[in-house]
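These notes are about the structure you will find just below.
The values are calculated or read from the model by the stated rules, or taken from the named source; none is laboratory data. The structure presented is a predicted model; accordingly, all values stated were derived computationally and were not measured. Don't worry about glycine lacking a Cβ; one is built from the backbone with ideal geometry, like all the others, and counts go over all protein chains shown. These accessible areas exclude ligands, DNA and RNA; they are computed on the full protein's heavy atoms, side chains included. Shrake-Rupley method; radii C 1.70, N 1.55, O 1.52, S 1.80 Å.
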Amino acid sequence: MKIAIVDYKGGNVQSVLFALERLGVQATLTADHDVLRRADKVLFPGEGEAASAMKELRAQGLHELLPTLTQPFLGICLGMQLLGRHTQEGGAAGTDMLGILPFDVVRFQAAAPEHKVPHMGWNNLQALRSPLFEGLSAEDYVYFVHSYYAPVGSYTIAEAAYPAPFSAAVQHENFYAVQFHTEKSGPVGTRILENFLKL
Amino acid sequence: MLTKRIIPCLDVKDGRTVKGVRFEGLRDAGDPVALASRYAREGADELVFLDITATNQKRATLVALVRDVARELDIPFTVGGGIGTISDVEALLMNGADKVSINSAALARPELIEELAARFGSQCIVVAADARFNDADGWQVYTRAGTNNTGRDAVQWCREAADRGAGEILLTSMSNDGTKDGFALDITGAVSRAVTIPVIASGGAGSKQDFTNVFQQAQADAGLAASIFHFGEIGIRELKEHLRRDGIPMRL
């Protein structure tokens, strides 16, 4: 199985590579359009800031390629948010994104000491509705670090609450994405990665 | 529901985990990679990995060790100790660290926090503040592994760090560190109420009740400890079960 990780200088890809390595899977880090098109699975991790990520995706023509991919695709953290239409992040006007899924990303409202931003730490998954979460329940926790979120909509396949429900995972056709760091979420995260590799 | 986090800290010197009392008198506490994986298995929510020799001896942080830890670990971890430049941070993140913690360099040049947050995102920038209490000045911030008093007020500095783009505060009470008399509830509560980013309480953990207190009375988001875990005095699972019985949200 050929696994490609989209290389757009989007942060900590090493953790994703190590997580796959622990599953006995080798992955290629690449921005090459042909390699991405031919891969059996594509992972799209991301950390950092949406505007600079979009700039890098545009510079490499990936903003046009990614929406055309047809194999199972997994966005992680910022890699999930970038699949939406627009985010409040990146200046007063925000940032236009890939538009593969019909959501707009907004910022959590901070309140000390109860609702700190970023939403950082382990939270449980609710309303699971996808083969991506086979074998998991609302007792299972995954690791989040983010200040912006996608609201719940018809595309939502898992929710978490902080304090109101938001999209912990989304899906449209072959495009799956999780807001949490599945590569850093212990045995639960490993199970989700395994489920993705089986899609 | 978001849980409170339990974070074992691995102070590393010359490639070994060590632990002292009030930043002095270091004892050997084992191989960091082996400890890291044991803690992950036992239910640690996160790990902090501090190269305590780096600032004084100007040693580069142990990138290779970070890589070994990252290869083993399926939970997040933070790396700190002697980090002063964008290229330091880049090397650590590229090798698998999830966050970096900066301390002396941020106090020497606070703009560094903004530069790192702009480049890598606030979520991976932890500002560590070592605070010590004295009757005349209250809680003040120290640098260079606790040897240098900056004369800065701890709450004001943490607020400034948050305003400049830190994603999290790691607040260590040097007055409590290694004593096992409990966390410094007053300064932890004051910082937690002063900032809208998460606060990790550190220094002084000696019992399970100490963690209950720091979460319930000082609104900490995470509790960090070293010696009680390294020397097997309190198991992580038994601690988390105790905290859950006390009504504190915990991942078990």
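Computed over the alpha carbons of chain B, Rg followed by Dmax gives 16.4, 47 Å.
With helices as the sole contributors, chain B gives -10000 deg cm²/dmol at 222 nm; each DSSP H run of n ≥ 4 counts as -39500 (n - 2.57), and the sum is divided by every residue.
Compared with its chain on its own, region B:101-129 contains the following residues whose accessible area drops by 20 Å² or more in the full protein assembly (probe 1.4 Å; ligands, DNA and RNA excluded): B:Q123. Comparing B:F49, B:F231, B:F77 in a Gaussian network model of chain B, where Cα atoms under 10 Å apart are tied by springs, the biggest mean-square fluctuation is seen for B:F231.
For peptide B:72-80, the mean count of partner chain Cβ atoms within 10 Å of a residue's Cβ comes to 5. In sequence order, region B:234-243 has phi-based couplings of 10, x, 5, 5, 5, 4, 5, 5, 4, 5 Hz under the Karplus curve 6.51 cos²θ - 1.76 cosθ + 1.60, θ = phi - 60°, and Gly or Pro positions carry x. Largest GNM mean-square fluctuation across A:H86, A:H63, A:H115, computed for chain A with C-alpha springs under 10 Å, falls on A:H115. Neighbouring Cβ atoms from other chains, within 10 Å of the Cβ of residues in A:114-127, number 6 on average. Accessible surface for B:R159 stands near 110 Å², nearest 10, in the context of the full protein assembly shown (1.4 Å probe). Over the C-alpha atoms of the protein assembly as shown, the Rg to Rh ratio, Rh being the Kirkwood estimate, stands at 0.95.
Put A:Y143, A:Y149, B:Y142 in order of accessible area, highest first, and with a 1.4 Å probe you get A:Y149, B:Y142, A:Y143. Give me the percent of the accessible area of the protein assembly as shown that comes from carbon and sulfur atoms, probe 1.4 Å, all protein chains in place. The nonpolar share, carbon plus sulfur, comes to 47 percent. In this structure B:S101 has an accessible area near 10 Å², from a 1.4 Å probe over the protein heavy atoms.
Would you jot down the residues in region A:1-41 that end up with at least 50 Å² less accessible area in the complete protein assembly than in the chain alone, with a 1.4 Å probe? Residues of region A:1-41 that lose at least 50 Å² of accessible area once the other chains are added: A:N12, A:Q14, A:F18, A:R22. Counting only residues at least eight positions apart within a chain, or on another chain, the lysines with an alpha carbon under 29 Å from that of A:K184 are A:K2, A:K9, A:K41, A:K55, A:K116, A:K198, B:K4, B:K13, B:K19, B:K99, B:K208, B:K240.
Here the Gaussian network model covers chain B, with springs between Cα atoms less than 10 Å apart; of B:A222, B:A70, B:A190, B:A190 fluctuates the most.
Dividing the summed helix terms, -39500 (n - 2.57) for each DSSP H run of n ≥ 4, by the number of residues in chain A produces a 222 nm estimate of -6500 deg cm²/dmol to the nearest 500.
Normalised per residue, the accessible area of chain B is 36 Å², obtained with a 1.4 Å probe and no contribution from ligands, DNA or RNA.
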